[in-house]
1. How much accessible surface does HIS43 have with a 1.4 Å probe, in Å² rounded to 10?
2. Treating the angle as unsigned and between 0 and 90°, give the value, to the nearest 10°, between the Cα long axis of helix 79-101 and the longest Cα principal axis of the chain.
3. If you roll a 1.4 angstrom probe over the protein chains with everything in place, what fraction of the accessible area of the stretch 58-193 belongs to carbon and sulfur, to the nearest %?
4. Accessible area per residue, 1.4 Å probe, Å², for the stretch 76-199: what's the number?
5. Just one of (i) 12.6; (ii) 14.6; (iii) 11.8 is mean projected area of the Cα convex hull in nm² calculated from these coordinates, so which is it?
6. Could you state how much accessible area SER106 has, in square angstrom rounded to the nearest 10, with a 1.4 Å probe and all protein chains kept in place?
7. May I ask you to evaluate 6.51 cos²θ - 1.76 cosθ + 1.60, the Karplus curve with θ = phi - 60°, for each residue of the stretch 140-149 and list the ³J(HN,Hα) values in order in whole Hz, giving x for glycine and proline?
8. Return the subset of LYS27/LYS127; LYS47/LYS127; LYS27/LYS56 for which the Cα-Cα distance in this structure is over 26 Å, preserving the input order.
Amino acid sequence: MKPTRVRILDAADQLMRTIGLARTTTKEIARAAGCSEAALYKHFDSKEELFTFVLKERLPRFAPLLAELESGEADGRDVEETLAEIARHAVAFYASSFPIAASLFSDPALLRRHGEEMDRLDMGPHKPLDSLAAYLREQRAAGRVRADADPEAAAALFLGACFQRAFLQAFAGGRPPSGPAARPLDEFAAALARTLLEGVREPEAPVRP
């Protein structure tokens with residue numbers, strides 16, 4: 001049998017995906033995990049904390065890539081390829097989190113508690129923007145991005161496009177989406193990375209005769 005913590009996270013992930021975060025209770029999670037509610041609270045302080053661990057451990061892995069950007073490990077990689085990889089991970093993460101997180105906005109008190117938990121764990125939806133903007137600032141300092149480029153605005157445009165594609169997929173309710181969201185993800189990610197760089201890349205110096 002799986003460890004209790006793993007069973008709790010599995011149950012929380014399944015329930016939050018099917019009935020939403022607002023309607024999921026710790027009692028239901030414990031029942032689905034085959035443990036007592038007291039046992040659940042030995043591993044997690046609250047439903048809000050459980051949600052943060054579902055985001056970190058059960059959704060597509062976006063956080064490790066962001067950590068790589070922040071650490072500078074991606075500095076030697078091709079910028080366009082790195083941006084395309086970010087786009088693929090971002091779309092997958094946002095698309096997976098929509099069914100879970102959407103119900104947050106129907107319950108102001110739950111949304112407030114979730115925000116407080118995010119702050120406590122130094123997490124939150126602004127983190128990808130911060131990480132991508134920092135990466136673009138580093139590329140600007142290295143001369144790969146124009147000196148007058150705005151990294152914060154570029155990051156917002158880039159991740160905003162990823163978020164919109166994920167929203168269109170979720171809104172389609174499992175049906176094949178139409179429009180921009182119908183493009184294969186790899187094609188979308190490559191085009192988005194190329195388009196962003198066309199706007200911010202430092203032009204090559206003209207060759208003198």
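1. That residue has around 80 Å² of solvent-accessible surface.
2. 20
3. C and S atoms contribute 57 percent here.
4. 52
5. The listed entry that was calculated here is (ii).
6. The accessible area of SER106 comes to roughly 90 Å².
7. Each residue's phi maps through the Karplus curve to give 5, 5, 7, x, 8, 10, 3, 5, 9, 6 Hz.
8. As for pairs spanning more than 26 Å Cα to Cα, those are LYS27/LYS127.
The values are calculated or read from the model by the stated rules, or taken from the named source; none is laboratory data. Everything quoted here is computed from the prediction, not taken from an experiment. All Cβ positions, even for glycine, are placed from backbone atoms using ideal geometry, and neighbour counts span all protein chains on display. Just the protein is used for accessible areas: all its heavy atoms, side chains included, with ligands, DNA and RNA removed. Shrake-Rupley method; radii C 1.70, N 1.55, O 1.52, S 1.80 Å.
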